[in-house]
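I am attaching a structure below and will ask some questions about it afterwards.
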Amino acid sequence: MHPGTPFVIEVNPHIPQRLSRLTELADNLWYSWDQPTRTLFARLHSGLWDKVKHNPKAFLKRVDEERLNAAADDHIFRSNYNRVLSAFDTYMREPQCLDMSLDLKPDDLIAYFCAEFGFHESFPVYSGGLGILAGDHCKSASDLRLPFVAVGLLYRQGYFSQHIDSDGHQIATYTDSDFEDLPVNPALTEDGRELHVTIELPGRNVEVKVWEAQVGHVRLCLLDTDLPGNWSEDRNITHRLYGGDLHTRIQQEIVLGIGGARALEQLGLKPTVYHINEGHAAFLVVERIRRKMKAAGLSFHAALEIVAASTVFTTHTPVPAGHDHFAEDMIWDYFRETCNDLGLQREEFLKLGGAGYGQEFNMTKLALSGSRFHNGVSRIHGQVSSRILSDMWPQVLPEESPMDYITNGVHVSTFLAQEWQDLFDSQLGYEWRRLRMDADFDNAFWEKVADIPDHLFWAAHQTLKAKMLSSVRDVVTNQHMRIFGSVARLERMLKFTNPLDPNVLTIGFARRFATYKRATLLFENMDWLRSTLKNDDRPVLFIFAGKAHPDDKPAQELIRRIYDISRWPEFEGNLLMVEGYNLSLARRLVAGCDVWLNNPIYPMEASGTSGIKAAMNGVINLSVTDGWWDEGYDGSNGWAIKPAPEYFDDTRRDQEDSRDLYEVLQDQVIPMYYRRNELGFSNEWVRMAKLSIITLLPSFSSTRMVMEYVNKFYGPASRQWRRYSAGIFSVAQNLADWKAKVRQAWSGVRIRRLSDPQRRILFGESAPLKISADLNGLAPEDVKVEVLLGRASKNGRDKKLQTMCMKPLERIGQEWVFHLELNPEMCGKLLYRVRIYPYNQYLTHPFETGLMVWL
Ligand SMILES: *Cc1c(COP(=O)(O)O)cnc(C)c1O
């Protein structure tokens, strides 16, 4: 050690006048999806660029002034700089889109809340899939010029960096961010002071500083409690992403939901639609209700109606245990005062989060209580969510449940490699770039990819593969040298990663390590693996990467196992466990492998997005048909592993699924890759890679996803907001009163059959049907009585064919008679069922009350 204390002084260069707008480029996350902008910085000093982890702002503070001056005098650099700026200016000057087809009005504003955002490796406020999805959502909202603002937390420490030691153990290192280096600036009040908001925690107030980041057109507000005026434990609330104990967790969520709402208000923003992306931000609902009650003098229930009708909630977790929950007493400690403000009893408040009867207060339940638009993130996940949350609407058929789905998408400009972008520019014309701007872009356009000459297509792929292999070599070499491994061994390990000869079939598996993703499924049958990998004519390289949560020991064990097997002499060179998975490595891998492998336990993969990134880069998916791949796979654009039935035990499912995986690899993937033509590549392979792009890129882009949110949710939510606000919120108040009345009466509502069932009719004839309903004081207008006509199907669930509404006929004593002439539009043996449920034209979803009675 050197004696003495080191003191730090950072010397910042002057940015030359001619390059002054570099600072502007560094301050807008546009650079996170515009490769030419990043290249501009890298060209100034590529070593420093890597050292500052591709962070433009940090780069500009450390780069030598001489280099900047030289660049300012270099006309080639300047012309590059001007080109980048001109693209940036064109993008930024495009006016806000108020295309009426979007169903949004000029004063609409969508506020999007999430606990993490992943834009770029230089901005470490994300851990994985959820954050990157949120980042992509903002990027597409910017591309589409939506009126959109996002809210999150600014963590001092983001997620950890990962090293793997010589025994295969994951070493997690957390680093403090210097906010001066991040693309954020303090949000300012109108009179130019830093904006702070206050939140109340038990026995104290906590000050929260608001920061802003610019994501193209979109403003992102980030909250930070690390202020000198706060107690030291409160300064730590936003210390670490998903860090700390349950108290930290609930405090972070209070800062996000409640502090976030206050920050927007202080900034003078008046969102009309709120989107809660995963339950962490659900306290937002409580704050909005409180404010509505105060500002408009509404009752709690009226305020709830208006808040919920303008709120969208997206759930991302397919297991109930994955939903955040807190003990009742803890909630009470934090929300006692709030209950006073809301005029609620303890039990009433707890019920919002589904607490009681042995259940804890659940953030997913709170978000559901406080929103009328809910979705899962793929078709299967929508169904699974509707099943696990079915106690919210027990009598409603799963396929009609208010839990809808919007399948995740990926931001094309961020994840489509520059080589493809250039090739598409030259081969398809710039037209393809409309994909990101125009809501109604035609998917059939992509069929042109089929016409790209195979050798050009393959050359682009091979270039990306070589770049990826080169990055992987660098990481593995570092990893190996750090543990003092031998050079001879390193060479054996890297024998199939030669960037000059990228002709070994390379299969990638990189994602968060969680046990349900079954990273080690490939190792179910080592004999099979050995015999397949021993074939010297057709070598295969598997690349694994990913982080396990520091508390998830079983997942860390998976990393250790893969690392261990990769060092068995027989597998040396065929398997690599690469450390330090982050966005930068992810972009390389999803563009540079040949095949992208995913084999989760069905139906645990809510959507999965890395496979989409791969697909759009012509990297072919081999995956369990779960999440997005169940919708994306069409028989020709990749390979599918059909999951073993859910009722098999885990061991059996692993066996069945791995056998499927082996068969596909050995019978299809490996032979196809090595059936090479005289130019050295496989035509069939290129055909499939093209189909992957053609069929999957447009349908799984985040433009498509965000447009679906606009059409299905944001537009309708803004409409509901307007309807409910009409007449000083009288609609909301009336609806709340109506719901109270209906809930009161419902336990006494009954229906019974009057007419004798007619068992046989001729086509074209009708069978009269009469039922009698005891409405327990409700009026016939308060309900709908429906006949559902269907056909029996094997799974015991009727296939629905037709829904018909019965009309009230007369009142007899306490009961109302409803009738219908049943005239089916088809022949055969049909089934019909009758149901009654509350109806009001102002409801957002017909079954939102969850009340229904079947005959
Ligand atoms: C895309 C991405 C993920 C999510 O991948 P999944 O397939 O959804 O597991 C996680 N981490 C990084 C860095 C990514 O880029």
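The values are calculated or read from the model by the stated rules, or taken from the named source; none is laboratory data. The structure presented is a predicted model; accordingly, all values stated were derived computationally and were not measured. Note that each Cβ is placed from the backbone with ideal geometry, even for glycine, and that neighbours are counted across all protein chains shown.
Quick check on the stretch 462-473. Is at least one of its residues part of a helix (DSSP H, G or I), more than 20 Å from ILE543 (Cβ to Cβ), modelled with pLDDT of 95 or more and in contact with a Pro (Cβ under 9 Å, 6 or more places away or on another chain)?
Taking the stretch 462-473 and keeping what is part of a helix (DSSP H, G or I), we get 462-473.
Filter again for more than 20 Å from ILE543 (Cβ to Cβ), leaving none.
No, the conditions are met nowhere in the stretch 462-473.
Scan the stretch 692-703 residue by residue and report those that are assigned to a helix (DSSP H, G or I) and buried (at least 23 other Cβ atoms within 10 Å of the Cβ).
We begin by selecting, within the stretch 692-703, every residue assigned to a helix (DSSP H, G or I); these are 692-696, 702-703.
Across the stretch 692-703, the qualifying residues are SER692, ILE693, LEU696, SER702, THR703.
Got at least one residue in the stretch 270-283 being surrounded by fewer than 24 Cβ atoms within 10 Å (Cβ to Cβ), on the phi < 0 side of the Ramachandran plot and free of Cβ contacts under 8 Å to residues at least 40 places away in the same chain? Break it down into steps so the answer makes sense when it comes.
Step one: filter the stretch 270-283 for residues surrounded by fewer than 24 Cβ atoms within 10 Å (Cβ to Cβ), giving 270-272.
Adding the requirement that they be on the phi < 0 side of the Ramachandran plot leaves 270-272.
Then keep just the ones that are free of Cβ contacts under 8 Å to residues at least 40 places away in the same chain; that gives none.
Scanning the stretch 270-283, I find no residue that is surrounded by fewer than 24 Cβ atoms within 10 Å (Cβ to Cβ), on the phi < 0 side of the Ramachandran plot and free of Cβ contacts under 8 Å to residues at least 40 places away in the same chain, so the answer is no.
Among the residues of the stretch 535-567 satisfying the criterion of being under 23 Å from VAL619 (Cβ atoms) and in a helix (DSSP H, G or I), which is farthest from the ligand (Cβ to nearest atom)?
Ranking the candidates gives SER566 first.
Still on this structure: Might you check whether a residue that is aliphatic (A, V, I, L, M) and in a helix (DSSP H, G or I) occurs anywhere in the stretch 7-16?
Taking the stretch 7-16 first, the residues aliphatic (A, V, I, L, M) are 8-9, 11, 15.
The next check asks that each one be in a helix (DSSP H, G or I); those that pass are none.
For the stretch 7-16, residues aliphatic (A, V, I, L, M) and in a helix (DSSP H, G or I): absent.
Also: Could you name every one of the strands (runs of 3 or more DSSP E) located completely within the stretch 746-801 that has at least 3 residues being farther than 13 Å from LEU855 by Cα and of a type in the set (A, V, I, L, M, F, W, C)?
Working: elements: 750-753, 767-774, 783-791.
No strands (runs of 3 or more DSSP E) qualify here.
Also: What are the residues in the stretch 729-758 that are closer than 26 Å to LEU820 by Cβ and among the acidic types (Asp, Glu), if any?
Selection gives ASP756 alone.
In this structure, does PHE88 turn out to be among the aromatic types (Phe, Trp, Tyr), without any contact (Cβ under 8 Å) to a residue 60 or more places away in the chain and either not in a loop (DSSP other than H, G, I, E, B) or not assigned by TED's automatic domain parsing to the domain that holds LEU416 (or both)? Outline the logic, then answer.
Values: among the aromatic types (Phe, Trp, Tyr): yes; without any contact (Cβ under 8 Å) to a residue 60 or more places away in the chain: no; either not in a loop (DSSP other than H, G, I, E, B) or not assigned by TED's automatic domain parsing to the domain that holds LEU416 (or both): yes.
No; evaluated as a whole, the condition is false for this residue.
Okay, residues lined up against (1) at pLDDT 95 or above; (2) over 30 Å from PHE441 (Cβ atoms); (3) assigned to a helix (DSSP H, G or I); (4) hydroxyl-bearing (Ser, Thr, Tyr):
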position	(1), (2), (3), (4)
ARG653	yes, yes, yes, no
ASP660	yes, yes, yes, no
VAL664	yes, yes, yes, no
VAL669	yes, yes, yes, no
GLU678	yes, yes, no, no
PHE681	yes, yes, no, no
GLU684	yes, no, yes, no
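If the requirement is being more than 28 Å from the chain's Cα centre (by Cα), assigned to a loop (DSSP other than H, G, I, E, B) and modelled with pLDDT of 95 or more, which of these qualifies: LEU500, LEU490? Please lay out each step first, then the result.
Details: LEU490 fails: assigned to a loop (DSSP other than H, G, I, E, B).
When all the criteria are applied, what remains is LEU500.
Checking the structure you have, find out if any residue of the stretch 650-659 is in the same structural domain as PHE424 (by TED's automatic domain parsing) and touching a strand residue (DSSP E or B) at 6+ places or on another chain (Cβ under 8 Å). Spell out how you get there, then give the answer.
Of the stretch 650-659, the ones in the same structural domain as PHE424 (by TED's automatic domain parsing) are 650-659.
So of that shortlist, the ones also touching a strand residue (DSSP E or B) at 6+ places or on another chain (Cβ under 8 Å) come out as 657.
Yes - at least one qualifying residue is present in the stretch 650-659.
Take LEU29 and tell me if it is under 30 Å from PHE148 (Cα atoms), free of Cβ contacts under 8 Å to residues at least 60 places away in the same chain, outside the structural domain of LEU583 (by TED's automatic domain parsing) and not polar (S, T, N, Q).
Details: under 30 Å from PHE148 (Cα atoms): yes; free of Cβ contacts under 8 Å to residues at least 60 places away in the same chain: no; outside the structural domain of LEU583 (by TED's automatic domain parsing): yes; not polar (S, T, N, Q): yes.
So LEU29 does not fit the description; no.
While we're here: Can you find a residue that is within 16 Å of the ligand (Cβ to nearest atom), more than 25 Å from PHE41 (Cα to Cα) and either assigned by TED's automatic domain parsing to the domain that holds LEU585 or part of a helix (DSSP H, G or I) (or both) anywhere in the stretch 134-145?
To start, the set of residues in the stretch 134-145 that are within 16 Å of the ligand (Cβ to nearest atom) comprises 134-140.
Going one step further and asking which of them are more than 25 Å from PHE41 (Cα to Cα), we end up with 134, 137.
Filter again for either assigned by TED's automatic domain parsing to the domain that holds LEU585 or part of a helix (DSSP H, G or I) (or both), leaving 134, 137.
Yes: one or more hits.
Being modelled with pLDDT under 95, among the aromatic types (Phe, Trp, Tyr), more than 16 Å from the ligand (Cβ to nearest atom) and surrounded by fewer than 17 Cβ atoms within 10 Å (Cβ to Cβ): is that true of PHE445 here? Step through it out loud before you land on a result.
Values: modelled with pLDDT under 95: yes; among the aromatic types (Phe, Trp, Tyr): yes; more than 16 Å from the ligand (Cβ to nearest atom): yes; surrounded by fewer than 17 Cβ atoms within 10 Å (Cβ to Cβ): yes.
Criteria met by PHE445.
Out of the stretch 568-588, which residues are of a type outside the set (Asp, Glu) and either more than 16 Å from PHE415 (Cα to Cα) or more than 9 Å from the ligand (Cβ to nearest atom) (or both)? Steps first, please.
Initially, the stretch 568-588 is screened for residues of a type outside the set (Asp, Glu), giving 568-569, 571, 573-578, 580-588.
Passing the criteria: TRP568, PRO569, PHE571, GLY573, ASN574, LEU575, LEU576, MET577, VAL578, GLY580, ARG588.
Right, another one. Among the residues of the stretch 29-50, is there at least one that is within 16 Å of the ligand (Cβ to nearest atom) and not in a helix (DSSP H, G or I)?
Within the stretch 29-50, one or more residues are within 16 Å of the ligand (Cβ to nearest atom) and not in a helix (DSSP H, G or I).
Same structure, new question: Just checking, which of ASP167, ASP103, ASP178 is more than 16 Å from the ligand (Cβ to nearest atom) and in contact with a helix residue (DSSP H, G or I) (Cβ under 6 Å, 6 or more places away or on another chain)?
The match here is ASP103.
Just for the stretch 590-649: of the residues that are away from the ligand (no atom under 11 Å from the Cβ) and in a strand (DSSP E or B), which one is nearest to the chain's Cα centre (by Cα)?
Taking the candidates together, the pick is VAL624.
Moving on. List the residue pairs whose Cβ atoms are under 6 Å apart, where the first residue sits in the stretch 536-551 and is among the small types (Gly, Ala, Ser), the second is within 13 Å of the ligand (Cβ to nearest atom) and not in a strand (DSSP E or B), and the two are 6 or more positions apart or on different chains.
From the stretch 536-551, the pairs are ALA545/TYR581; GLY546/ARG511; GLY546/ARG512; GLY546/TYR581; ALA548/ALA555.
So, one more: Which residue pairs have Cβ atoms closer than 7 Å, lie 6 or more positions apart in sequence or on different chains, and pair a first residue in the stretch 839-855 that is small (Gly, Ala, Ser) with a second residue that is not in a loop (DSSP other than H, G, I, E, B)?
The qualifying pairs are GLY850/MET392.
Is at least one residue of the stretch 718-729 surrounded by fewer than 19 Cβ atoms within 10 Å (Cβ to Cβ), under 37 Å from the mean Cα position of the chain (by Cα) and assigned to a loop (DSSP other than H, G, I, E, B)?
Looking through the stretch 718-729, none of the residues is surrounded by fewer than 19 Cβ atoms within 10 Å (Cβ to Cβ), under 37 Å from the mean Cα position of the chain (by Cα) and assigned to a loop (DSSP other than H, G, I, E, B).
Please name all residue pairs, on different chains or six or more residues apart, with Cβ atoms under 6 Å, provided the first residue is in the stretch 583-599 and is in contact (Cβ under 8 Å) with a residue 40 or more places away in the chain and the second residue is outside any helix (DSSP H, G or I) and among the aromatic types (Phe, Trp, Tyr).
Note: pairs meeting the criteria are LEU597/PHE509.
Filtering the stretch 568-584 down to residues that are part of a helix (DSSP H, G or I) and not aliphatic (A, V, I, L, M), which residue is nearest to LYS613 (Cα to Cα)? It would help to see each step written out before you state the result.
First, the residues of the stretch 568-584 that are part of a helix (DSSP H, G or I): 569-571, 583-584.
Still in the running and not aliphatic (A, V, I, L, M): 569-571, 584.
Working: PRO569: 33, GLU570: 32, PHE571: 28, SER584: 13 Å.
Going through the qualifying residues, I end up with SER584.
Which residue pairs have Cβ atoms closer than 8 Å, lie 6 or more positions apart in sequence or on different chains, and pair a first residue in the stretch 154-166 that is over 13 Å from THR477 (Cα atoms) with a second residue that is among the basic types (Lys, Arg) and assigned to a loop (DSSP other than H, G, I, E, B)?
Sorted first by the residue in the stretch 154-166, then by its partner, the pairs are TYR159/LYS547; PHE160/LYS547; GLN162/LYS547.
Starting from residues that are surrounded by fewer than 21 Cβ atoms within 10 Å (Cβ to Cβ) and of a type in the set (A, V, I, L, M), keep the ones in the stretch 523-564 and report whichever is farthest from ASP245 (Cα to Cα).
Filtering the stretch 523-564 for residues surrounded by fewer than 21 Cβ atoms within 10 Å (Cβ to Cβ) gives 523-528, 530-539, 549-554, 556-557, 560-561, 564.
Still in the list and also of a type in the set (A, V, I, L, M): 526, 533.
Working: MET526: 40, LEU533: 45 Å.
Filtering the stretch 523-564 for residues that are surrounded by fewer than 21 Cβ atoms within 10 Å (Cβ to Cβ) and of a type in the set (A, V, I, L, M), the one farthest from ASP245 (Cα to Cα) comes out as LEU533.
Further, regarding this structure: Please go through (1) modelled with pLDDT under 95; (2) more than 20 Å from LEU490 (Cα to Cα); (3) in a helix (DSSP H, G or I); (4) more than 13 Å from the ligand (Cβ to nearest atom) for TYR516 and return the number of the only condition it doesn't satisfy.
Unmet condition: (4).
Let me ask something else about it. If ALA327 meets every condition in (1) surrounded by fewer than 20 Cβ atoms within 10 Å (Cβ to Cβ); (2) modelled with pLDDT under 95 apart from one, which number is that one?
Exception for ALA327: condition (2).
State the number of residues belonging to the stretch 106-133 that are within 16 Å of the ligand (Cβ to nearest atom) and aromatic (Phe, Trp, Tyr).
Initial filter on the stretch 106-133 (within 16 Å of the ligand (Cβ to nearest atom)): 114-133.
Still in the running and aromatic (Phe, Trp, Tyr): 117, 119, 123, 126.
The qualifying residues number 4.
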